[in-house]
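The structure under discussion appears below in the form of structure tokens.
The values are calculated or read from the model by the stated rules, or taken from the named source; none is laboratory data. Everything numeric in this text was worked out from a predicted model, so none of it was measured. When we count neighbours, we look across all protein chains shown, and the Cβ atoms used for this are built from the backbone with ideal geometry, even at glycine.
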Amino acid sequence: MGSQGGFYQSKEFLDLVKSIGEARSKAEEDRIVLNEIETLKRRISEPDIPKRKMKEYIIRLVYVEMLGHDASFGYIHAVKMTHDDSLLVKRTGYLAVTLFLNEDHDLIILIVNTIQKDLKSDNFLVVCAALNAVSKLINEETIPAVLPQVVELLAHPKEAVRKKAIMALHRFYQKSPSSVSHLVSNFRKRLCDNDPGVMGATLCPLFDLITRDVNSYKDLVISFVSILKQVVERRVPKAYDYHQMPAPFIQIKLLKILALLGSGDKQSSAKMYTVVGDIFRKCDSSSNIGNAILYECICCVSSIYPNPKLLESAADVISRFLKSDSHNLKYMGVDALGRLIKISPEIAEQHQLAVIDCLEDPDDTLKRKTFELLYKMTKSTNVEVIVDRMIDYMISINDNHYKTEIASRCVELAEQFAPSNRWFIQTMNKVFEHAGDLVNIKVAHNLMRLIAEGFGEDDDTADSQLRSSAVESYLCILGEPKLPSVFLQVICWVLGEYGTTDGKFSASYIIGKLCDVAEAYSNDETVKAYAVTALMKIHTFEIAAGRKVDMLPECQSLMEELLASHSTDLQQRAYELQAVIGLDAHAVACIMPSDASCEDIEVDKGLSFLNGYIQESIEKGAQPYIPESERSGMLNISNFRSQDHHEASSHGLRFEAYELPKPIVQSKIPPASLASTELVPVPEKMYPRESYQTTVPSVSSDAGPSELKLRLDGVQMKWGRPTFSPATSTSNSTISQKTVNGITQVDGASTANSRTRETYDSRKPQVEISPEKKKLAASLFGGSSKTEKRAATGHKISKSSSHMVEKSHVPKSSMEVASEKTPPVQQPLDLLDLGEPTVTSTVPSVDPFKQLEGLVDTTQVASAVNHGLTAAAKSPDIMALYSETPADGDLLSGVLNPSMTNMPGGTTTRQSMPRSKGPNPKDSLEKDALVRQMGVTPASQNPNLFKDLLG
Amino acid sequence: MGIRFILMVNKQGQTRLAQYYEWLTLEERRALEGEIVRKCLARNEQQCSFVEHRNYKIVYRRYASLFFLVGVDNDENELAILEFIHLLVETMDRHFGNVCELDIMFHLEKAHFMLEEMVMNGSIVETSKANILTPIQLMDKSS
């Protein structure tokens, strides 16, 4: 009997499943599985295992891997099983192989042959099993082995095969687009397949293709729209209905595709408006699936060229989502709001209190989603509130992944919208203090650059104020224990560059602090390196200013330690510092100009300043330098063989002559500028960071950031200026939208606010909105109401007539919302999504077997009653299937000999259905009795195993 | 690619079915399952059925003692995935009749076959219960 066919399993298997099912702890489960591994290792390699038995072993292997243990000893047997003649055994073999192996496993090569053979099978189910394996196991290299056959199967008479062939091709495209680039037209062709299942599957590869290259598929807009229209008008078979929705998953996929195609394309978008509008009107908003479609519509509407009417519908749905009691709908609402505010920023305002509720909800998922929304609606007027909230949340969580994300968002917002330098510095300090080790090092470099460059406006006093406040706050923060390395690097750099600039702090004070840092974080070499360089800067600035500097004792001892450091980088820096201190003011000012980190560096690549020196040397008889490329025999210095070869073929003397110039040139650089590197004659390239300070006259001390500068220049830094404005392409419609949406607000923002609060209040009359919350709302959304006011008053007079129309519309829509609320929205969820309490009330209190006994030999009607909703929804399905299938062949010949009769697939189920399909209480009872017979009784240990999932 | 994995896990955190649409090693699967199951079990019924975890979102739904967890990409429609889970359960219910945890345990391969019909390459390809179950019924008959 249908589903119960599997009960030929051995006692051993049932016992295994039973014991796993009743295991109370992971440790107990592990013990069982380890035991099982031992048994299987012994049994599986015995000769002449009947294939039924082997299938069982393989499934036991699947259990072993599923529960987290290695079953590789049995992989080969799974591979062998794919050769079997029995369809069920073969498919189980394929299943096990796809679960066990990744596409690069060595055993795959043994399966490719079998797959090739099976793709040619007369039995379409064998072909389907092979295609399943193809889409999981074939890698880039093996694609050519099966590609021709897969392409052939695209025209197979069975729709199930066509569907899987399409998906196999989709897989090839994912793996290696070039391998199937010539076959892409097949996807277009299959879009017109007669079978809705094949058409629906084709949407998956088309979605990927369109994501990569929108423009090549604009011609399909009409087709997609017409398919969607047909689906919405219920012209697909009833079998695709889900909770009375026609083919919802196909609708959603189509809406996703339309969103891509209509993005920034007015012409294409215009073709979609009608059908999307239809969905908004028709869609059942009381079911989850209806809301899923509505959400997808909002995504689509906010992606395509804006249409005021659709935007209005979208806004209505969003407000319903946000007002719902279901957290899931609130979540979708917040997400949808985040999409829509890009086009019509004013809609955020009516939902301010709902948004704040979500922000303060204990549910982390909802909270994060709301932060995402706030991130999208940040502007200069509300940046402080938003970023402060984000930072508070960032400090409160432990999840490093999300901490990193929210930290970088804080940085981004602060850089774009900071209202003042002080606030900016303080914000950055907080971010670095609490998430310093998580943020990208680029953020630190960027901060240093910002402090050095100022805001791009030629306001020197503001710049120096920024620097002073940075220095001050850093000196303060240094008192804290355990700061992140990245933050310390920034602090050291800023203190070195600007610590003494404003004269508030003495050089010795700063030097003392820097020495403390180097000492406190003595195992962080990068921080130490930054500290030493900062020390050098402070010293040189002092010397350049004509003040006498005595090295502090702690600085002295630090230097002594570093001069002997194992790190050559630290050593070099220490030596450099030592050398620079001994120089006179003029030389020092040349090497280390004050506040010149942002000056352009002119690198004299020709080293022309050495010309005199070289001339002199040549006159004294030195060999002229020959560029490396012109040297023969020196190309492979490391390759001693070729060197030997050259030595043999040329004069021995030449070798030495060529060798010399290199060190000479390099050691000659310093005298032109300084003697310092002579102490450490190391090739420059080994020290990309900061080491060139001693050699290049015009110095920037942040090589890292200056490299990054190139990238960062593209990023707009909008300091203190309000920059939030809708995209220009949409501004037209935004204004018109405002006039429509803003009508009720023409009397000014206050009325708008009070109205939204009223509706909010009417929903929860007993809940009083705390003044704190109101304040928060005002600070978050206040900015938008101001701009709203301006825009709205502009249209006050001219639009007064439409004002009336719109007003009459408003109460209606709010009534709609109200009436939508009255029917039990939650009901379908409650019925099916049975939580624990309901289940426990039915199952343990009443013996499930007793319950079933009464049902033996009852009619189908009784079963329909028993299964309530599911059965009720099912019966029309079946009827529809009968009425829709055009012709029918004999079931068995149609299925087992598809070569003889190639009937459309829907027919095959006709005869088998009444017997094997649908929940049959008799079957269930038999099954349970059988289980009981096998010794698997609902023990007190785990009665849950027997609970109906659907209740 | 949409769906990254589908898991069925019971209240005790024991895996009952696992299907991955991207390759993870045994250790990675073990770690991932442990982390997300802990996360989901800690949530109450009023909270969202969605949880963010690393780069994916987990959409989960509970039926009696069994949790269905689907890991999806960030741009997936969560509500639709939630209903996809329900469709899967309804389909299993139609096949097994009053499906319970033990049905899935005894017929692990069948539950997998159903998923193979419904999802390929991480995309939902079939949602008609008849189309999903026909191959499985035919297979039962022929064997």
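Need the failing condition index for A:H156 against (1) within 27 Å of the chain's Cα centre (by Cα); (2) surrounded by fewer than 24 Cβ atoms within 10 Å (Cβ to Cβ); (3) closer than 20 Å to A:N194 by Cβ, just the number.
Exception for A:H156: condition (1).
Taking region B:25-42, which residues are more than 9 Å from chain A (Cβ to nearest Cβ) and buried (at least 16 other Cβ atoms within 10 Å of the Cβ)?
Of everything in region B:25-42, those that are more than 9 Å from chain A (Cβ to nearest Cβ) and buried (at least 16 other Cβ atoms within 10 Å of the Cβ) turn out to be B:L32, B:I36, B:V37, B:K39, B:C40.
Only one of these is more than 10 Å from every other protein chain (Cβ to nearest Cβ) and either without any contact (Cβ under 8 Å) to a residue 24 or more places away in the chain or closer than 18 Å to A:T365 by Cα (or both): B:V59, B:V70. Name it.
Only one candidate qualifies: B:V70.
Run down B:F84, B:F5 and say which single residue is surrounded by 22 or more Cβ atoms within 10 Å (Cβ to Cβ) and either more than 28 Å from A:L14 (Cβ to Cβ) or modelled with pLDDT of 95 or more (or both).
Details: B:F5 fails: surrounded by 22 or more Cβ atoms within 10 Å (Cβ to Cβ).
Going through B:F84, B:F5 in turn, the sole match is B:F84.
Would you check which residues across region B:12-24 are of a type outside the set (A, V, I, L, M), under 24 Å from A:F946 (Cα atoms) and facing another protein chain (nearest Cβ under 7 Å) and list them?
B:Q14, B:T15
Among the listed residues B:L82, B:L108, which satisfies the condition of being within 7 Å of chain A (Cβ to nearest Cβ) and in contact with a Ser or Thr (Cβ under 6 Å, 6 or more places away or on another chain)?
Only one candidate qualifies: B:L82.
Answer yes if at least one residue in region B:113-121 is within 7 Å of another protein chain (Cβ to nearest Cβ), surrounded by fewer than 22 Cβ atoms within 10 Å (Cβ to Cβ), of a type in the set (A, V, I, L, M) and in contact with a strand residue (DSSP E or B) (Cβ under 7 Å, 6 or more places away or on another chain), and no otherwise.
Checked region B:113-121: no residue is within 7 Å of another protein chain (Cβ to nearest Cβ), surrounded by fewer than 22 Cβ atoms within 10 Å (Cβ to Cβ), of a type in the set (A, V, I, L, M) and in contact with a strand residue (DSSP E or B) (Cβ under 7 Å, 6 or more places away or on another chain).
Which residue out of A:D265, A:D284 is more than 14 Å from chain B (Cβ to nearest Cβ), surrounded by fewer than 20 Cβ atoms within 10 Å (Cβ to Cβ) and over 25 Å from the mean Cα position of the chain (by Cα)?
Among A:D265, A:D284, only A:D265 is more than 14 Å from chain B (Cβ to nearest Cβ), surrounded by fewer than 20 Cβ atoms within 10 Å (Cβ to Cβ) and over 25 Å from the mean Cα position of the chain (by Cα).
Counting only residues that are modelled with pLDDT of 80 or more and either over 18 Å from A:G503 (Cβ atoms) or in contact with a Ser or Thr (Cβ under 9 Å, 6 or more places away or on another chain) (or both), which one in region A:452-465 is surrounded by the fewest Cβ atoms within 10 Å (Cβ to Cβ)?
A:S464
Taking the condition of a type in the set (V, I, T) and assigned to a loop (DSSP other than H, G, I, E, B), does A:T404 pass?
no
So A:T404 ticks every box in (1) farther than 25 Å from A:L495 by Cα; (2) surrounded by fewer than 20 Cβ atoms within 10 Å (Cβ to Cβ); (3) more than 14 Å from every other protein chain (Cβ to nearest Cβ) but one. Which box is left unticked?
Of (1) farther than 25 Å from A:L495 by Cα; (2) surrounded by fewer than 20 Cβ atoms within 10 Å (Cβ to Cβ); (3) more than 14 Å from every other protein chain (Cβ to nearest Cβ), only one is false for A:T404: (3).
I'd like the residue in region A:321-352 that is within 11 Å of chain B (Cβ to nearest Cβ) and more than 13 Å from A:L373 (Cα to Cα) and, out of all such residues, is surrounded by the fewest Cβ atoms within 10 Å (Cβ to Cβ).
Checking each candidate, the answer is A:D325.
Residues of region A:37-55 being modelled with pLDDT of 95 or more and acidic (D, E), which ones?
Within region A:37-55, just A:E38 meets the criteria.
Can you pull out every residue in region A:511-558 that is of a type in the set (V, I, T) and farther than 19 Å from A:T501 by Cα?
If the condition is that a residue be of a type in the set (V, I, T) and farther than 19 Å from A:T501 by Cα, then A:V517, A:T526, A:V527 are the ones that fit.
Would you kindly identify the helices (runs of 4 or more DSSP H) lying entirely within region A:213-332 that contain at least 3 residues that are among the small types (G, A, S)?
A:266-282, A:288-303, A:308-323
Go through region A:238-262 residue by residue and tally those that are within 11 Å of another protein chain (Cβ to nearest Cβ) and at positive phi.
Qualifying residue count, region A:238-262: 2.
Tell me, which residue of region A:407-445 that is among the hydroxyl-bearing types (S, T, Y) and part of a helix (DSSP H, G or I) is surrounded by the most Cβ atoms within 10 Å (Cβ to Cβ)?
Among them, the one singled out is A:T427.
Kindly provide the set of residues from region B:43-54 that are exposed (fewer than 13 other Cβ atoms within 10 Å of the Cβ) and more than 7 Å from every other protein chain (Cβ to nearest Cβ), ordered by number.
Once the filter is applied, which keeps residues that are exposed (fewer than 13 other Cβ atoms within 10 Å of the Cβ) and more than 7 Å from every other protein chain (Cβ to nearest Cβ), region B:43-54 yields only B:N44.
Would it be correct to say that A:V180 is within 32 Å of the chain's Cα centre (by Cα) and part of a helix (DSSP H, G or I)?
On the way: within 32 Å of the chain's Cα centre (by Cα): yes; part of a helix (DSSP H, G or I): yes.
Criteria met by A:V180.
Consider A:Q350 against the criteria (1) out of contact with any Gly (no Cβ under 6 Å at 6 or more places or on another chain); (2) at pLDDT 90 or above: it satisfies all of them except one. Which criterion is unmet?
Only one criterion is unmet by A:Q350, namely (2).
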